[in-house]
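Working notes, beginning with the structure itself.
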Amino acid sequence: MLKVRHLQVRVQTPDVLCGTSIDFENGLNILRADNSSGKSTCLQSIIYALGLEGMLSAKREVPLPHAMTDSITISGQELPVVESWVALEIENGAGQKLTVRRAVKSRRVDRALIETWPGPISSLESSSAKGQDYFVRRSGAAQRSSGFHRRLAEFLDWRLPQVSRVDGSEGPLYLECLFPFFYVEQKHGWTGIQARIPTYFGIRDVGKRSAEFILDLDAYSLILQRQRLEGASAVMEREWKEVVSRLHTSTELANVRLRGVPEKPIDGVSPDQADLIVPNGDDWFSIQAEIDRIRDSLAESEYIDVRTVGETAADLEERLSKAQTDLATTQALLSNTLAEVRETRARQVSLQRRITALEEDLQRHKDAALLRQLGSVHTSILNDSAICPTCQQQLVDGFEITDHPMTAEESIAHIQQELRTFKAMENDLFRHESAEQIKSRRLREDTAQLRRQIRSIKDALTSPSATPSVDRLTERLKEQERLEALIRIRDEVDSHMADLANRSIAWGNNQEALRALSGSQRTPQDSQKIQYLRRVFVDQLRAYHFGSIEPAHVEVSEETYRPTYEGFDLGFDLSASDMIRVIWAYLLGFLETGMAFNSNHPYLLMFDEPRQQETKEMSFQALLARAAADGAEGAQIIFATSWPEVPLEKMLAGLPHHLISERPDTKILRALASG
């Protein structure tokens with residue numbers, strides 16, 4: 001609950017102190033004064049004192065007139081404004097009072113500073129009252145301990161939730177998004193329902209989130225929970241792809257092919273699911289088989305003594321011949337592999353051209369089908385060129401393709417099936433090229449190693465006979481390096497797969513929670529609140545003589561919480577005066593629903609010039625009666641109006657209210673004392 005108890009506005013000029021002081025009571029308060037006398041300034045000062053002008057605009061300009069920022073006219077004399085400020089005493093549902101003061105123009109403090117004192121507004125004059133300062137209209141004002149909106153939310157016993165932004169991040173539901181339900185300003189507030197809901201915070205479905213919080217709907221927590229799960233799902237998917245990308249990069253650098261790892265998160269991934277294979281010649285072997293082979297080779301070579309060149313000459317010549325033969329075979333395999341890579345790439349290019357042509361043809365057929373649905377009789381989907389849109393071959397002049405052409409719908413379905421087939425072929429070609437690239441890199445390494453081996457053997461054969469033969473040692477070192485590289489990549493993949501297995505469990509739990517929420521229906525309590533809102537909304541439309549449509553046909557959407565007619569938002573084809581009636585009924589409906597169900601509504605409502613568009617007097621009188629009744633039930637409602645005092649008093653006769661009326665041709669901001 002929030003009650004406005006007292007407002008002070010002060011303007012200091014070189015010669016005189018100007019301003020006003022207004023006391024507000026429980027129930028219906030009417031601030032009456034002539035046009036351009038300062039009524040809007042008073043209501044805007046309440047919003048400004050609370051640092052809520054962000055609900056009006058993303059700009060940081062002061063939403064107050066030049067009489068508080070530049071110059072003020074007193075007794076026909078224009079005086080410059082030296083300093084100005086507003087102070088406000090507010091009260092919460094526990095009866096606690098808080099006084100806030102904020103500078104409008106000052107040489108001492110910034111406008112972003114809000115001074116506060118516990119207790120009534122008389123604390124401003126008390127030297128013993130200990131105040132505390134906060135900031136507003138700066139990043140963190142709703143979250144940090146020195147932010148005033150966090151202090152205000154705590155004062156109102158509101159726990160502002162985290163909501164999803166359009167960029168996927170989360171942030172608080174700012175107070176500026178809630179107060180358009182409690183305050184309608186004169187210039188733009190009457191142009192439509194929730195006309196002042198700010199969108200620049202980037203909050204997704206900001207109107208819905210605000211309505212759910214104010215009415216304290218169970219759907220609010222369910223939606224927030226679903227949004228958090230969806231956000232977590234997106235993060236999981238992104239991180240999963242990053243892990244898989246690192247795996248592919250590591251294995252390809254080691255000339256190892258990785259299979260069996262899903263590109264997107266799924267439930268039930270096993271730590272030993274990955275299949276690692278390595279090329280050996282024209283074949284593929286598992287990485288463990290290759291590790292075992294190299295280990296056996298190294299173990300066998302440990303028992304071979306290092307002999308001299310003379311002792312190993314015959315063996316060296318035999319090994320040289322074998323190495324030269326292996327080099328020729330490896331080069332041939334490499335040549336074939338590179339040719340396969342080139343052919344695969346050529347097939348990819350050709351397939352991509354075919355896919356592009358099919359996509360264009362599909363769009364052409366869809367456009368033609370749409371035009372025909374709209375009634376076109378001139379649309380043709382025939383290809384005017386003599387090129388087949390599928391195979392891109394030249395059609396023979398006069399060649400008759402078929403006597404029974406497919407319909408547009410059949411053609412669309414056929415082309416879509418072709419696209420799915422060709423895209424699957426494209427993915428297969430991509431995987432095949434990746435495997436051939438790994439094989440080609442391994443063959444290049446084998447070719448380089450064989451060449452080094454041949455040079456080493458030739459060098460050994462031309463060395464003196466007594467020189468120790470080191471080619472075996474060199475070969476063994478190369479095998480040891482390869483063994484260590486394979487073990488390292490195997491262990492790295494095992495580690496990543498264990499991580500993916502854990503992520504898979506988390507993904508499964510996340511998806512299960514999402515499935516459980518997807519079946520959640522609106523709670524009976526939520527439906528009861530929305531039906532209550534509709535009932536009081538429709539009752540008011542009748543009382544206000546709403547005439548554009550039959551009020552009984554108006555609904556309140558359980559999806560958007562806005563009034564609808566025949567499935568569309570209420571607002572189309574309404575007269576300007578009926579739109580004003582809709583806004584009265586909608587915001588008072590939120591107030592009454594909040595009071596009936598003890599929700600998060602602060603039981604405060606402020607209308608600046610509610611009698612817009614020359615609304616009929618009997619409609620305005622019905623509004624006053626409804627507001628007075630709500631005020632008697634515990635709400636505080638403040639209307640600022642320029643309605644003449646005498647007819648206004650007649651309409652208020654018999655209604656509980658507090659009338660604050662200014663004399664004709666007087667300004668609310670007036671001289672208070674000489675400077």
Result for region 558-675: accessible area per residue, probe 1.4 angstrom, in square angstrom, of 43 Å²
Mean separation of Cα contacts under 8 Å (at least 6 apart) over the residue count of the chain, i.e. the relative contact order in percent, is 24 percent
In terms of Cα to Cα distance under 16 Å, which lysines are near enough to residue 667, apart from those fewer than 8 places away along the same chain? 39
How much of the accessible area of region 54-157, probe 1.4 Å, is carbon plus sulfur, in whole percent? 42 percent
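Determine the relative contact order of region 528-675: mean sequence separation of Cα pairs under 8 Å and six or more apart, normalised by residue count, in whole percent.
Taking the mean separation of contacting Cα pairs over the length of region 528-675, I get 20 percent.
Need one word for region 111-191: rounded, prolate or oblate. Basis is the Cα gyration tensor (sqrt eigenvalues a ≥ b ≥ c); a/c below 1.5 gives rounded, then a/b vs b/c decides. If you can, show how the numbers build up before the last one.
Values: a/c = 2.39, a/b = 1.49, b/c = 1.61.
Oblate.
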Solvent-accessible area of residue 505 with every protein chain in place, 1.4 Å probe, in Å² to the nearest 10: 100 Å²
Excluding residues on the same chain fewer than 8 positions from residue 97, give the lysines whose Cα lies under 22 Å from its Cα. 3, 130
Sequence-distant lysines (8 or more away, or on other chains) whose Cα lies within less than 22 Å of residue 241: 264, 423
Using only the alpha carbon atoms of region 32-129, find the Kirkwood hydrodynamic radius as the inverse mean reciprocal pair distance, in angstroms to one decimal. 14.9 Å
Quick one: helix 287-301 against the long Cα principal axis of the chain, what's the angle to the nearest 10°, folded into 0 to 90? 40 degrees
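Cβ neighbours within 10 Å, averaged per peptide: list 178-186, 59-67, 158-166 in order, most packed at the top.
Values: 178-186: 22.2, 59-67: 14.9, 158-166: 16.6.
For the peptides 178-186, 59-67, 158-166, the packing ranking is 178-186, 158-166, 59-67.
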May I ask for the distance between the Cα centers of region 81-98 and region 519-584, given as a whole number of Å? 35 Å
Checked region 562-666 with the C-alpha gyration tensor, a ≥ b ≥ c its square-rooted eigenvalues, rounded below a/c of 1.5, otherwise prolate if a/b is larger than b/c and oblate if not; verdict oblate
How far is helix 524-543 tilted, in degrees, relative to the longest principal axis of the Cα atoms in the chain, given as a value from 0 to 90 rounded to the nearest 10? 40 degrees
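Roughly how many debye, to the nearest 20, is the charge dipole of region 114-160 about its Cα centre, given +1 on each Lys and Arg Cβ, -1 on each Asp and Glu Cβ, and no other charges? Spell out each step's value before the answer.
Details: 7 positive and 5 negative charges, 60 e Å.
Around 280 debye, computed over region 114-160.
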DSSP-assigned coil residues among GluC sites (Glu not before Pro) in region 533-627, each with at most 12 further Cβ atoms within 10 Å: 559, 566, 614
Taking Cα atoms, how many degrees apart are the long axis of helix 218-253 and the longest axis of the chain, rounded to 10 and kept between 0 and 90? 20 degrees
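Only helical DSSP H runs with n ≥ 4 go in: add -39500 (n - 2.57) per run for the chain, normalise by residue count and round the 222 nm mean residue ellipticity to 500 deg cm²/dmol. Please report the intermediate quantities before stating the final value.
Numbers: 13 runs with 313 residues, N = 675.
Taking each H run of at least 4 residues, the total per residue is -16500 deg cm²/dmol.
The values are calculated or read from the model by the stated rules, or taken from the named source; none is laboratory data. This is a predicted model, so every value here is computed, not measured. Every residue, glycine as well, gets a Cβ built from its backbone with ideal geometry; the counts of neighbours run over all protein chains shown. The accessibility values were calculated without ligands, DNA or RNA, using every heavy atom of the protein model including side chains. Shrake-Rupley method; radii C 1.70, N 1.55, O 1.52, S 1.80 Å.
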